[in-house]
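Below is one structure, written out as structure tokens, with a few remarks after it.
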Amino acid sequence: MDYAAKRPDVLGALDGIRYETDPASRSATIVFDRPPLNVVSFAARAQIAALLEEMDRDPAVRVIVIRGANGVYSSGGDIAGFRVPPRDAMVDLAWNVAAPERCRKPVIAAVERFAMGVAFELALACDFRIATETAQLALPEISLGTIPGSGGTQRVARLAGLGRAKDMIMRGRRIGAREAFDWGLVTEVVPDGTLDAAVARWVADMAARPQVPLATLKSVLDETYRSSLDAAIRTEGQAFEKLRSGPEFAHGIEAFLAKKKPDFSAM
């Protein structure tokens, strides 16, 4: 799919990023590609959000991946570029970075070597984060005399707890993949050199799931931090009732009763 042709105003000249589609696995990938450390520019933030929107609309895509080229995820944002936008032009940085959460489809961040600043914030907005064992993660903005501005403070606190968030962010401290896994910031840690295989495994798993229930489940789970417990449980119940008459549920029940494995690939 030529996503750039659909949004030439935003995607006509990609800035340090590129994208790939794989019909065989029914996946699409956004790649940070600005050697040597894949720095993310201010313009790229809006482009990433636009690409995610188009991939989410593409019926040929079931899973989205965000990763870096050249064996590096990303060292973060373009520090010098923060001086360029006029006053009040960056108050909504978190909107673009939150684009993975708005996707109905599962989004996987594949992290190796570095996940710093905005790149880490983008990974935190994804559904799953797979990291290689030597990866380093950080929100180091305090060392620049500022704070994270794209949702990182809130997502780390919600995933890892307030005390750990303060330890990591107020000290600008890098944490390794294993510590990040222990904190709940990383979904899986894999040996260096095996990231491609791990991503392929996750993509195959997610692509094989029933897509409408999967999208609904993502939305219901994301309500955890947006609503009270009572409201979120009501949302869950309403979603379950709507899915109860759907074709995926009917197929799943029929397969279960026939003692067969369900096949949602064509649904």
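Bear in mind these aren't lab numbers, they're just calculated from the coordinates by the rules spelled out. Remember, it's a predicted structure, so these values are computed and weren't measured experimentally. Backbone-built Cβ (ideal geometry, glycine too); neighbour counts: all protein chains shown.
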Subject >> Positive dipole terminus of region 3-207, leading residue within 60, 168, 181 (C-beta point charges) >> reply: 168
Original post:
What does the highest-first list of 213-220, 258-265 look like by mean Cβ count within 10 Å?
Top reply: 213-220, 258-265
Original post:
How large is ³J(HN,Hα), in whole Hz, for each residue of region 177-184 in order, when computed from phi with the Karplus curve 6.51 cos²θ - 1.76 cosθ + 1.60 and θ = phi - 60°, using x for Gly and Pro?
Top reply: 4, 5, 5, 4, 5, 4, 7, x
Original post:
From the backbone phi of region 215-226, what are the Karplus-calculated ³J(HN,Hα) couplings (6.51 cos²θ - 1.76 cosθ + 1.60, θ = phi - 60°) in whole Hz, Gly and Pro given as x?
Top reply: 5, 5, 5, 4, 5, 5, 5, 5, 5, 3, 9, 9
**OP:** Please report, largest first and rounded to whole Å, the three semi-axes of the ellipsoid equivalent to region 219-264, where each semi-axis is the square root of five times an eigenvalue of the C-alpha gyration tensor.
**Re:** 28, 10, 8
**OP:** Set the Förster distance to 51 Å, then compute FRET efficiency between residue 80 and residue 236 from the Cβ-Cβ distance, nearest 0.05.
**Re:** 0.65
**OP:** List the equivalent ellipsoid semi-axes of region 1-52 in whole Å, largest first, each obtained as the square root of 5λ for an eigenvalue λ of the Cα gyration tensor.
**Re:** 19, 15, 8
Original post:
Residue farthest toward the positive end of the dipole of the chain, with Cβ of Lys/Arg at +1 and Asp/Glu at -1: which of 36, 208, 232?
Top reply: 232
**OP:** Compute the normalised compactness of region 151-193: alpha-carbon radius of gyration over 2.2 N^0.38 Å, N being the residue count.
**Re:** 1.16
Subject >> HN-Hα J in Hz across region 151-157 - Karplus 6.51, -1.76, 1.60, θ = phi - 60°, x for Gly and Pro >> reply: x, x, 4, 6, 6, 5, 4
Subject >> Alpha-carbon Rg/Rh ratio, for region 1-106, with Rh computed the Kirkwood way >> reply: 0.97
**OP:** Taking the Cα centre of region 3-207 as origin, work out the dipole magnitude from +1 charges on Lys and Arg Cβ and -1 charges on Asp and Glu Cβ, in debye rounded to 20.
**Re:** 340 debye
**OP:** Scan around residue 40 for amide H atoms under 5 Å from its own, H built in the peptide plane at 1.01 Å from N, and keep only partners 5 or more places away or cross-chain.
**Re:** 76, 77, 78
Subject >> 5 angstrom amide H check on residue 192, placed H, neighbours 5+ away >> reply: 133, 134
Subject >> Helical contribution to [θ] at 222 nm, DSSP H n ≥ 4, -39,500 (n - 2.57), averaged over the chain, rounded to 500 >> reply: -11500 deg cm²/dmol
Original post:
What residues have an amide H closer than 5 Å to that of residue 114, excluding those fewer than 5 places away on the same chain, when H is modeled at 1.01 Å from N in the peptide plane?
Top reply: 73, 74, 136
Subject >> Spherically averaged projected area in nm², based on the convex hull that wraps the Cα atoms of the chain >> reply: 15.6 nm²
